[in-house]
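Peer 1: One structure, pasted below without further comment.
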Amino acid sequence: MNKAFYLEPNKYFISITVFASFLVALPILSIFMNLYTSGQGLFNFFDLSTIKIYLKTTFFLLLGVGFLVLLLGVSTAWFVTMTNFPFVKFFEWSLLLPLAFPSYIVAFTYTDLLDYSGPIQTFLRSYFEWSSYNDYYFPNLRSLGGAIIMMSLVLYPYVYLLARTAFLEQSVNTLEISKNLGKSPMQSFFDVSLPFARPAIVLGLSLALMESLNDFGTVEFFAVPTLTQGIYDLWIGSGDYASGTRLASIMFIFVFILYFMERAGRAKIEIYQTVSSRLSKLPKYTLEGWKKNIVFILCLIPLFFGFLIPFIFLLYLSFTYFDYGYTSNFISAMFNTFYLSFLSAIIICIVGVMVVYSKRVIRLNKIVRFLINISSMGYAIPGAVLAVGIIIPINFFENSFDNLMQKVLGLNTGLFVSGTIFILIFGYLVRFLIIPSGQIESSLKKIPPTVDMFSRSVGYSSFTVMKKFHFPLIKGALITSFLLVFVDCVKELPITLLLRPFNFETLSTNVYLFASDEMYGHASLGALTIVLIGIIPVIIMTKLISKSRSKYEHS
Amino acid sequence: MKFFFLIFGFLFVYSNIFANEVNVYSYRKPHLVAPLFNKFEKDTGIKVNTVFAEKGIVQRLKNEGKNSPADLIFTVDIGRLDDLKNNDLLQAVNSNALNKNIPDFLRDKDSMWFGLTSRARVIVISKKSKHTIKNYEDLADSKFKGKVCIRSAKHPYMVGLFSSLSFHLGEDQLKSYLTDLKSNLVRKPQGNDRAQVKAIYSGLCEVSVINHYYLALMLNDKVQKKWADSVNVIFPNQSTFGTHMNISGVALAKNAPNKKNAIMLMEFLSSPIGQSLYSTANNEYPVNSKIDLSDTIVTWGNFIKDQTALSKIASFRKTVIKIIDDLNINN
């Protein structure tokens with residue numbers, strides 16, 4: 001590419017971008033540095049058998065969640081896209097609803113619901129006239145199996161969403177041929193749809209697994225010893241950096257596998273999308289008789305357990321305990337949550353735009369490219385681990401800066417970041433930067449670089465190019481990613497819990513504190529609010545999908 | 001670039017703007033300590049800032065170093081006070097008021113930390129139970145097979161209790177005690193102290209061990225009163241070494257920026273007003289012996305407390321945690 005293509009590099013723009021991506025890459029680099037420099041002879045207080053427990057639990061957690069989200073996500077996506085059955089239009093969007101629940105909220109809701117003294121078991125006992133625990137068997141929710149089910153119920157929509165998008169984009173011709181050859185719906189699912197959708201499914205799966213690796217609330221609450229929980233305990237609980245770091249290095253194997261799985265999925269989708277034919281409407285199978293009832297029930301199950309039941313129970317709890325929930329603390333937590341998430345979303349989107357533009361229009365050297373790539377890894381690293389990666393370099397920087405200022409100017413600058421909400425915003429930035437940068441990058445790709453080159457060569461200024469050609473295209477992505485980041489900040493727990501300043505509670509920390517004190521009633525109103533806010537992205541995604549579908553129907 | 005300086009300037013001013021304040025890192029939940037701090041704020045005009053953390057205060061203080069904003073660390077459990085001291089994160093306080101209000105054995109010999117309240121680890125047993133229980137050792141008795149609930153064995157309150165048993169009974173005895181206790185459990189250790197009482201109320205188990213004030217708090221809670229009403233409270237080991245006690249305490253951070261205000265708050269907490277607020281609001285046993293007990297706990301009467309120095313018991317913690325891990329009590 002020749003030099004004329006690039007914009008005249010504005011030095012502020014470059015320096016701010018480089019600075020921002022350096023900052024975002026810093027915590028991730030600091031974790032790696034810790035891995036590299038931590039000493040030997042670590043297992044003083046912490047032997048191999050304990051590591052094995054963490055490792056085994058994490059492995060089975062990911063295996064279990066992976067299996068269940070694939071089962072729920074792929075099957076429902078295919079039924080909804082390729083077949084006609086009662087209420088199919090309703091299922092198209094409502095199957096995304098469980099996404100509104102952070103897993104720690106669904107976990108505590110079910111804990112209260114399924115508790116020995118909760119409504120379900122009480123009903124069973126009175127109905128069957130059982131008198132005590134020993135009269136019957138009831139599975140214990142606070143277990144690995146319980147955690148797997150809780151997480152799968154709210155994470156399958158990732159697979160559903162991406163599988164459905166892929167099914168919508170598959171080649172109609174191939175499907176018609178397979179239908180004309182007399183293949184059954186089942187056969188064309190395995191022979192045509194599934195191979196085509198595989199990269200999208202892998203992408204959805206990797207996102208769901210990253211979320212379950214990130215989960216802190218559920219595993220802490222259920223006392224399930226996963227790696228994330230173990231690292232948190234060792235680093236934060238007992239200050240055993242050496243062992244915690246050992247464990248972190250093991251966990252990074254999982255992180256990298258998921259990260260590359262996700263990258264590979266994305267790369268393949270891009271290749272496929274360019275060759276897929278988007279000519280006519282998808283041929284749907286119309287189901288009759290018992291088949292349509294079974295499919296209806298199969299689609300109802302994840303919606304029922306992943307959203308309806310916990311939502312109704314939360315609603316009930318919030319009304320019953322309204323006086324306990326609606327306090328001045330709740331109002332200030334809600335206010336904090338809103339302005340923190342709003343401010344964070346704006347900052348994260350601005351940085352996202354800057355990073356994407358730097359990559360597109362400025363000739364960057366290798367180091368900056370490396371920093372930008374590293375800075376996009378934040379979402380794959382569990383928040384609890386990331387928080388430690390943030391606090392160490394920040395405190396180090398603050399203390400060094402303070403020393404310098406004391407010597408030079410006699411000023412005491414103190415800890416000017418870590419005691420404020422800016423450290424929270426920074427934490428969110430590291431974790432969620434990929435949302436705007438990914439969204440904007442993919443929408444910008446629709447404009448070939450030749451457009452930029454041409455416009456520049458006919459004398460448009462770089463700013464005009466941005467305003468005239470780029471902005472209209474990224475506007476949608478910008479709004480979408482603003483909302484997605486906003487909601488993710490509202491739901492975020494581990495970073496908020498670890499880095500929040502004095503007198504500062506958010507909805508999520510309030511919910512966690514009450515729930516961990518067995519006060520579910522007090523927690524319910526905050527939880528309900530988070531879930532209601534969490535419905536926003538569901539609406540956005542529904543709109544996006546229906547937009548992409550109308551493309552076929554109008555052509 | 002101007003923008004950057006503006007933000008920087010704002011942060012700088014922001015961090016130095018409040019002068020008349022005291023910053024508290026608290027292991028105690030906000031709703032438990034809020035009444036005390038509100039009273040102090042009203043009396044003195046000094047603003048109390050709190051950040052609540054269940055874990056990680058030692059790490060946080062270490063990282064923050066000499067610029068840490070923390071003045072006071074407000075904590076429960078002797079182990080944590082001990083950790084803070086051993087990590088050189090505290091400074092000594094020489095206050096006549098504190099020395100007068102708090103008996104010797106409830107403060108650090110180097111004046112690094114001060115106990116503010118004490119709490120008994122009591123046994124609660126279902127009113128429907130056919131069995132009687134007198135000692136902590138009985139929890140491992142086979143007559144309670146499938147009838148015992150406990151919270152996570154690695155929670156500081158459990159570790160404290162097991163450390164005290166390790167001191168009184170010896171390490172080998174503790175191992176066999178824990179093995180038997182594990183086999184008596186009806187479910188794997190989970191929930192907090194309140195959850196154990198709830199489990200007894202619902203009939204899941206018959207007996208558990210909790211901090212006494214939780215029961216008192218529950219008796220005064222609309223929803224949880226029926227849970228608390230379903231159990232009897234037993235002060236264990238009255239004929240042997242006495243009931244295991246732990247403390248909540250306060251310590252002055254090594255680099256406290258508002259030292260004067262911090263010591264004022266410490267003295268307030270040990271004063272008759274602070275102590276009676278503590279005992280009436282939280283139903284804990286005040287360290288200042290002149291203070292009346294709350295109505296709820298006064299009905300439970302006097303009992304024999306284990307008088308062993310808490311720092312002695314705390315020294316067993318590491319081995320106890322190792323034993324808990326080895327025996328895999330929590331899983």
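The values are calculated or read from the model by the stated rules, or taken from the named source; none is laboratory data. Source: prediction; values computed, not measured. We place every Cβ from the backbone using ideal geometry, glycine too, and count neighbours over all the protein chains shown. Side chains are part of the model used for accessible areas, which takes the heavy atoms of the whole protein and leaves out ligands, DNA and RNA. Shrake-Rupley method; radii C 1.70, N 1.55, O 1.52, S 1.80 Å.
Peer 1: Assuming R0 = 25 Å, can you tell me the calculated FRET efficiency for the pair A:ASN329 and A:ILE120, based on Cβ-Cβ distance, to the nearest 0.05? Let's see the in-between values first.
Peer 2: On the way: r = 30 Å, r/R0 = 1.22.
The value I calculate is 0.25.
Peer 1: About the Cα centre, and with charges only on the beta carbon of Lys, Arg (+1) and Asp, Glu (-1), how big is the dipole of the range B:66-188? Nearest 20 debye, please.
Peer 2: Magnitude of the dipole: close to 940 debye.
Peer 1: Could you give the nm distance between label points at A:ASP135 and B:ASN331, where each point is 7 Å from its Cα heading toward the beta carbon?
Peer 2: 3.5
Peer 1: Which of rounded, prolate or oblate describes the range B:33-148 when judged by the alpha-carbon gyration tensor and an a/c cut-off of 1.5? Walk me through the numbers before you get to the answer.
Peer 2: Numbers: a/c = 2.14, a/b = 1.99, b/c = 1.08.
Prolate is the answer for the range B:33-148, as a/c is 1.5 or above and a/b outweighs b/c.
Peer 1: Summing both sides, how much accessible area is buried between B and A? Use a 1.4 Å probe and give Å² to the nearest 100. Let's see the in-between values first.
Peer 2: Values: alone 15840 and 26370 Å², together 37490 Å².
In total, this chain pair buries about 4700 Å².
Peer 1: Find how many whole Å separate the alpha carbon centroid of the range A:310-384 from the alpha carbon centroid of the range A:117-178.
Peer 2: Each part's Cα centre sits 28 Å from the other's.
Peer 1: Please list, by residue number, every one of the trypsin sites (Lys or Arg not before Pro) in the range B:234-328 that is coil in DSSP and has at most 12 other beta-carbon atoms within 10 Å.
Peer 2: Filter output for the range B:234-328: B:LYS290.
Peer 1: Would you kindly find the accessible area of A:GLU169, with a 1.4 Å probe and non-protein molecules such as ligands, DNA and RNA excluded, rounding to the nearest 10 Å²?
Peer 2: A:GLU169 has an accessible surface of roughly 20 Å² with all protein chains in place.
Peer 1: Can you give the average number of partner chain beta-carbon atoms within 10 Å of each beta-carbon in peptide B:235-242, as a whole number?
Peer 2: Average neighbour count from other chains, rounded to a whole number: 0.
Peer 1: In terms of the Cα gyration tensor, with a ≥ b ≥ c the square roots of its eigenvalues, is chain B rounded because a/c is under 1.5, prolate because a/b exceeds b/c, or oblate? Don't skip to the answer; put the middle values down first.
Peer 2: Numbers: a/c = 1.86, a/b = 1.69, b/c = 1.10.
The shape class here is prolate.
Peer 1: Could you please put A:THR450, B:THR44 in sequence from largest to smallest accessible area, using a 1.4 Å probe? Intermediate values should be presented prior to the final figure.
Peer 2: On the way: A:THR450 85, B:THR44 50 Å².
So the residues, ranked largest to smallest area, are A:THR450, B:THR44.
Peer 1: Shifting gears a bit: Measuring with a 1.4 Å probe in the full set of protein chains, what accessible area per residue, in whole Å², belongs to the range A:323-458?
Peer 2: Normalised by residue count, the accessible surface of the range A:323-458 is 42 Å².
Peer 1: Of A:GLU129, A:GLU288, B:GLU41, which has the most accessible area with a 1.4 Å probe, and how do the rest follow in descending order?
Peer 2: Accessible-area ranking of A:GLU129, A:GLU288, B:GLU41, largest first: A:GLU129, A:GLU288, B:GLU41.
Peer 1: On to the next question. Magnitude of the Cβ-charge dipole of the protein assembly as shown, K/R +1 and D/E -1, about the Cα centre, nearest 20 debye?
Peer 2: 2260
Peer 1: May I pose another question? What shape does the protein assembly as shown take by its C-alpha gyration tensor, where a ≥ b ≥ c are the square roots of the eigenvalues and a/c under 1.5 counts as rounded, a/b above b/c as prolate, and the rest as oblate? Don't jump to the answer; show the numbers that get you there.
Peer 2: On the way: a/c = 2.21, a/b = 1.38, b/c = 1.60.
Here the protein assembly as shown falls in the oblate category.
Peer 1: Can I ask one more? Give me the 1.4 Å probe accessible area per residue for the range B:193-312, excluding ligands and nucleic acids, in Å².
Peer 2: On a per-residue basis, 37 Å².
Peer 1: Per residue, how many Å² of accessible area does the range A:54-207 show with a 1.4 Å probe?
Peer 2: That works out to 40 Å² per residue.
Peer 1: Probe radius 1.4 Å, ligands and nucleic acids left out: which of B:TRP113, B:TRP300 has the largest accessible area, and how do the rest follow? Could the numbers behind the result be given before it?
Peer 2: Details: B:TRP113 15, B:TRP300 50 Å².
Result, largest first: B:TRP300, B:TRP113.
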